[in-house]
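Accompanying notes for the structure given below.
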Amino acid sequence: MAIIQFPKDMKWGTATASYQIEGAANEDGRGVSIWDTFSKTPGNVVNGDNGDIACDSYHRFEEDIELMKELGIDVYRFSIAWPRIFPNGTGEINQKGLDYYHRLVDKLIESDIEPMCTLYHWDLPQALQDKGGWNNRETIDAFVQYAEVIFKEFSGKINKWLTLNEPWCISFLSNYIGVHAPGNKNLQLAAQISHHLLVTHGLTVKKFRETGIDGQIGFAPNTTWLEPYSNRQEDIDACNREIGWYVEWFMDPVFKGSYPDFMLEWFKKKGVELDIQDGDMEKINQPIDFLGINYYTGHIARHKENEGLLDWEMVEMNYDRTDIGWPIFPEGFYKVLMRIKESYGDIPIYITENGSCYNDEPENGQVKDSGRINYLQQHLTALSRAIASGVNIKGYITWSLMDNFEWAEGYTMRFGIVHVNYRTLERTKKDSYYWYKQTVANNWFEN
Ligand SMILES: CCOCCOc1ccc(-c2cn(C[C@@H]3NC[C@@H](O)[C@H]3O)nn2)cc1
């Protein structure tokens, strides 16, 4: 056994997102989001689940914060639902929407938990989608207007901001692969949207600086890692294309002011022609204060001509998998963090999402989610290795505080350290909750 010790200033937290936990979808003036529309379109979400009720955190946030207080965490990452603030995306502000987030943030501060706010976690106002959504550059301006309102409204209360959660999911998963809202399947559209999202991020950072309010701002790309099956260059290149789709495609423009040539050339071969307007890359290339990193899974892969978008195939290595079917690959967590350090230097990093899906149910009031504890131990050990190797990790925020609406999987896939009974909305602390609580208290764990 080994003691895995973390730096004394390490921050620990939990994460959620508005559409996944709040419910109250038709309450207090909230407008319709693309996930309301997408989830209510038959066939898009398992069991036809939607976020109308979710975990009812809109009404139960005080109970949820009590759970966080008992955990002893430093930071709570949540997202603001744009349609609660601007029901139509622009125009009239909904004061009741602002009031809700003031109640939430005030309770967090009162509980000595730092609020980390994600401005966009996928719930685009449907009214903007009706005008082209992220493919329409007017949505960029609408987002910056929304962000400015929030910055000024919560100045002095919120000091850590994330512009976008997982722009790869917002663009490619949702507009090329098509399994998330709005469900398009068009590579050109998805790539152009990824560009508009990066411009949105940059202009939002610029607006944040212009407001002069205190705080730090970043964004939260999701990552993955593919380990080459062999040392053949074709296998190495194939893996770097998949990693590049998640990492360099979004981080090079922010940190270096340009897209990675190897990805631009690959996309060009696939017929993608990005419309990059004069000044766009300069807008994107705004210095950020910290980088959020989301990591769940990776695997071994090798080149396969004309396979999928990027010419690779997974090689089955019979890794253990979580209940959602994702391989448990902590080595990839270490490797992708080292890749980010090598490429972008010592940017402060918060792990803004890392966690696992295990669908254990309560038995006599206990949830024995040993799989999730094992996943946490493996990935926190990998994180500790990255820190020892010089990666500038400032905090770890696990996904998720509680079971919630897992997008196209609905409520069938559970990522929480707290179990939610979706019929009664009763919360039950899982074994992983107690393990995480002890790890937070100790700032170490025994592996
Ligand atoms: C047929 C191909 O199908 C491909 C499905 O491809 C993916 C990829 C990635 C994901 C994914 C889900 N999550 C967890 C969320 N992160 C943000 C937070 O809201 C969590 O709920 N991360 N990545 C889902 C599906």
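The values are calculated or read from the model by the stated rules, or taken from the named source; none is laboratory data. No experiment lies behind these values; they were computed from the predicted model shown. Note that each Cβ is placed from the backbone with ideal geometry, even for glycine, and that neighbours are counted across all protein chains shown. Just so you know, the surface numbers come from the protein's heavy atoms only, side chains and all, with ligands and any DNA or RNA stripped out. Shrake-Rupley method; radii C 1.70, N 1.55, O 1.52, S 1.80 Å.
Things worth noting here:
- In segment 56-72, the residues that are among the charged types (D, E, K, R) and under 16 Å from Asn421 (Cα atoms): Asp56, Arg60, Glu63, Asp64
- Residue in segment 110-137 that is most open to solvent (accessible area, probe 1.4 Å), counting only those that are of a type outside the set (Val, Ile, Thr) and assigned to a strand (DSSP E or B): Glu114
- Candidate set: segment 80-109, residues that are among the small types (Gly, Ala, Ser) and surrounded by 24 or more Cβ atoms within 10 Å (Cβ to Cβ); chosen: the one nearest to Tyr436 (Cα to Cα): Ala81
- Boolean, Ala2 is within 27 Å of Arg427 (Cβ to Cβ) and in contact with an Asp or Glu (Cβ under 8 Å, 6 or more places away or on another chain): no
Residue by residue, here is whether (1) of a type outside the set (D, E, K, R); (2) within 17 Å of Asp289 (Cα to Cα) holds:
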residue	(1), (2)
Gln126	yes, no
Leu162	yes, yes
Cys169	yes, no
Pro182	yes, no
Leu189	yes, no
Leu198	yes, yes
Leu203	yes, yes
Lys207	no, yes
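- Options Ile65, Ile140, Ile150, Ile73; residue that is in a helix (DSSP H, G or I), at pLDDT 95 or above and either within 16 Å of the ligand (Cβ to nearest atom) or within 29 Å of Trp444 (Cβ to Cβ) (or both): Ile65
- Any pair with Cβ under 6 angstrom, 6 or more apart, that starts in segment 388-413 at a residue that is over 15 Å from Ala17 (Cβ atoms) and ends at one that is more than 11 Å from the ligand (Cβ to nearest atom) and of a type in the set (Ser, Thr, Tyr): Lys394/Tyr350; Gly395/Tyr350
- Remark: pairs (first residue in segment 308-324, touching a residue at least 60 places away in the same chain (Cβ under 8 Å) and more than 25 Å from Leu187 (Cα to Cα); second residue open to solvent by 70 Å² or more (accessible area, probe 1.4 Å) and in a loop (DSSP other than H, G, I, E, B); Cβ separation under 7 Å; 6+ apart in sequence or on different chains) = Val315/Tyr229.
- Helices (runs of 4 or more DSSP H) completely within segment 164-264 that count 3 or more residues being closer than 22 Å to Gly355 by Cα and either touching a residue at least 24 places away in the same chain (Cβ under 8 Å) or open to solvent by less than 20 Å² (accessible area, probe 1.4 Å) (or both): 233-246
- A search for C-beta distances below 9 Å between a residue of segment 288-299 that is under 16 Å from Arg77 (Cβ atoms) and any residue that is within 12 Å of the ligand (Cβ to nearest atom) and open to solvent by 20 Å² or more (accessible area, probe 1.4 Å), counting only pairs 6+ apart in sequence or on different chains, returns Tyr296/Ile324; Tyr296/Trp326.
- Any hit, segment 327-344, residues being within 16 Å of the ligand (Cβ to nearest atom), at pLDDT 95 or above and open to solvent by 50 Å² or more (accessible area, probe 1.4 Å): no
- Among residues of segment 23-34 that are touching a residue at least 12 places away in the same chain (Cβ under 8 Å), those with a beta-carbon under 6 Å from a residue that is of a type in the set (Ser, Thr, Tyr) at least six positions away or on a different chain give the pairs Gly23/Tyr58; Ala24/Tyr58.
- For Ile236: the one exception among (1) away from the ligand (no atom under 14 Å from the Cβ); (2) more than 20 Å from Leu264 (Cβ to Cβ): (2)
- Filter pass, Ile177 being under 24 Å from His59 (Cα atoms), within 15 Å of the ligand (Cβ to nearest atom) and of a type in the set (A, V, I, L, M, F, W, C): no
- Residues (buried (at least 20 other Cβ atoms within 10 Å of the Cβ) and more than 12 Å from the ligand (Cβ to nearest atom)) located in segment 153-163: Phe154, Ile158, Lys160, Trp161, Thr163
- Whichever residue in segment 34-79 is of a type in the set (A, V, I, L, M) and closer than 18 Å to Arg103 by Cα and, among such residues, is most open to solvent (accessible area, probe 1.4 Å): Leu67
- Residue list for segment 176-188, restricted to those being over 21 Å from His121 (Cβ atoms) and out of contact with any Gly (no Cβ under 6 Å at 6 or more places or on another chain): Asn186, Leu187, Gln188
- Among the criteria (1) open to solvent by less than 40 Å² (accessible area, probe 1.4 Å); (2) within 16 Å of the ligand (Cβ to nearest atom), the one Ile300 does not fulfil is (2).
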